[in-house]
Each structure stands twice: as C-alpha cells, then as structure tokens.
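One structure is given here, and the rest of the page talks about it.
The values are calculated or read from the model by the stated rules, or taken from the named source; none is laboratory data. Since we're looking at a predicted model, the values are computed, not measured. When we count neighbours, we look across all protein chains shown, and the Cβ atoms used for this are built from the backbone with ideal geometry, even at glycine. When the accessible area is computed, the model is the full protein with side chains, heavy atoms only, and any ligands, DNA or RNA have been set aside. Shrake-Rupley method; radii C 1.70, N 1.55, O 1.52, S 1.80 Å.
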Amino acid sequence: MNVEVVMGESEEVPEMIAPDPHPVDPDEFFAKNAFRMVFQTNNFFLPQIRDLIEKGEVLNLRPEYQRRLRWSTMQKSKLIESLLLNIPIPPVFLYESDAARYEIMDGQQRLNAVKEFLAGDFALTSLTVLKPLNGIRYSRCPPRIKRALDRASLSAIVLLLESDAESAQNRLTMTDMRRFIFDRLNTGGTKLNPQEIRNALNPGPFNRTIIDLTRNDLFTQVFDIPPYVEVDPNDYYENTQRQKNVLYSSMADCQLVLRYFALKDDENIRGSMKSMLDRAMEIKVPDEQANSLRQEYIERFSFLYDLFGGKPFTLPPDEKGRERVSAAIYDASMVAINLLWDIRIEIQADAANVRARLAAAATDPNQLAILTGQGNTANAVRERIRLMRSIFRPE
C-alpha cells in the first residue's frame, strides 16, 4: 500500500513592509534590546562521546524523540576518515535542559556515527584518502589507528540555562534562542525538514504525545509503518525496520499527527500549512492536558478506522490496482469527525451511506481535487473539512 502525502508545507508570501516613519537610533535600540546567550565550549574525545551516549546520564541522544537517523554508511565513514586525518569538524550544538542533561540541537548524525563505529556497528566504506581502511571495523583496526581515533575529538557548544535568565527582560525564552541558532546554523549536513525543526525546538509533553501517538497500532497499520513492538527500549534506541520507512525516517508520521491538532482550531487555519503547523507545535501543554489530547486523538482515529471498515482515508485504486492513503483526506476526516463528535453514534449507524458518499466524491474530479488538498491554502483546507463534514452528515 502506498501512502500519498499530497499536501506540502509551502512558505507564506512575505508581506511588503512600508518604510518606518519613526526610525529608531541603532545604538539606542541595541542597548535596550540586545540579549546575551550564555554558552560554553567543550572538547570530547571519541571514547568520551561513546560513554556519554551509552550511559545516557548526561547526553540525551534519543532518535525516537529527536531527528531520526538518516546518514548512510558512506557518510559515517567519511566522518571517521576526516577525524583520522585531523580535518576540522564543525562543532555540535547542545543545550542544557531542566533535567541537568544535554539535549542535542545540531550534530546528532555526527555523534551517532562516532558511537556506532566505536561499537563496531559498521565497517568503513568509500574512503578516498585512506583507501586501505575500507572494510575495517573498529575492533579490527591496527593499534596506531585505534590510538589516533582515541585521541581525536569533537567540539561541542553548549547553550546554558543561564541564557534564559539573561534574556528575561527582553521576553526571550530558551525556545526563542534555540530557534535563532537553528536559523543560523549551516554545517553542511543533511538539512532538517520543517517537522524535524519543530520537534527539536519544542520539547515537552505535547511533543512526547505526538511521538507516542505515531506508535499507536492503528496509526502504524493505516499508514503502513512497521509497528512499534518494543516494551522497554534503552535510552539510545531506534527500530531498524522503522528506520527504513520514509514516513518514519523523515518524521512525516509526527507531522501527520500534528496536522489534526493544528487544523481542529478554526482560528489557526490561516497562512500556509507550514505556519499552521508551526503555531500548533509552539503551544505549551501541561502533562494532564497532553494525556487528554492523546486520548482524544486515539478515540477519533479508532472511530474512523471502524467506520470505514479498517481502511480509512483511502482513495480508489489507481490504474495498477494499488490502494492509496491520502493525508489530506485523513486530516479533513479527523477534524470533521471531531466537530461532529456528539452525534458519532448516528454517524456510525449510517456507516454504509457514509462510505458510499465518500466513494462518490472520489469519482467526481471537482470534489476529488478538494478532498486531496490540491489547493494548498487556508480556504482550501476549510473547504476540504466542510466537504468531509457533509459526507459524514449531509445537511
């Protein structure tokens, strides 16, 4: 089964800014509005990095809750080669969390490559300068090479909690400062996509809820993601089968969950889809409310799963007979059924007609264009939700 994510996150058109009729003196503005980031720089030898990650007491590098791992063995090998050749490596960026741990902000792939090579998880490949080392794992490295790796180091820039206090008078939070850093980082690696950035900038109960929901059995079944079967994963865990799934590896599964919470609030349906998702992710949610939102999502998703006979959000088979799941039909269905939640029993009793109305809409080119989100605007989102609502309950 193919998952069709048909609606992207286009950027909003920037507003035209009129000249300021009351220009501010730059020196005065700087004096009143400048803030200070408090940071420290550390150098870690590679064995120290391995120990910090494996012990999990100081450095939190959990890929399930951060950026999913995407570097190839060739990319990891190139990093090891650079370390052996003493080629300068861009620093990793960490921030100090409330739990007195370092959370990764940029550099997860580099840290993971070091950890995996020293653990013997991969053999070097595609080296261009140190070609004779191709095929060698850490355990088989000659003593001279092992000593070189043990002396190699990565630098880390750590944003400290004191930054929050320093900037309090200017109403900047740690999240604001992390965003500043994210916007200015250009380390030459694989660029983070919008959901990876949201995930990194907004840790907390709501983000954890989103990730937990992507592990739900029905969710992984519908979107054809390998199931989450681990009972008690360690602090540095990632399921290798899930890694191979495109939705999982790109955090598009988290974006799918977020779409429901972003679009259920009609006032948030404005601007681009990206801006809707950004705003929704930034809302601070306490633990109790996060648990309530988790239950709400599961109830709506489970209801739609049953309503459509285990195949919700599905488009008619294509010319090759393949079923397709539409992200646009998914978010419209979830929001529409939430609006009609009080009459869900009546809708369930009318399940056969609901399915017939959706099938009819999917064969109508005009309605299909609405359902699949071909218009990526706020009005198109509202229109899609209205159409789905009328399919559930004709007026």
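For this structure, a couple of remarks:
- In this structure, T240 and E395 have a Cβ-Cβ separation that, at R0 = 56 Å, corresponds to a calculated FRET efficiency of about 0.70.
- R0 of 56 Å, Cβ-Cβ distance Q289-A148: FRET efficiency to nearest 0.05: 0.60
- Cross-link pairs exceeding 29 Å in C-alpha to C-alpha distance, out of K244/K284; K76/K311; K55/K146, comprise K244/K284; K76/K311.
- Listed residues D306, D106 arranged by accessible area, highest first, probe 1.4 Å: D306, D106
- The simple Förster model, with R0 at 56 Å and r as the Cβ-Cβ distance, assigns D27 and R382 a FRET efficiency of 0.75.
- Cα-based shape type of the range 253-389, given that a ≥ b ≥ c are square roots of the gyration tensor eigenvalues and the cut on a/c is 1.5: oblate
- Packing rank of 79-91, 138-150, where each peptide gets the mean count of other beta carbons within 10 Å, highest leading: 79-91, 138-150
- Apolar share of the accessible surface for the range 324-395: 50 percent from carbon plus sulfur atoms, 1.4 Å probe.
- Label-to-label distance, A359 versus M74, with points set 7 angstrom from Cα along the beta-carbon direction: 4.7 nm.
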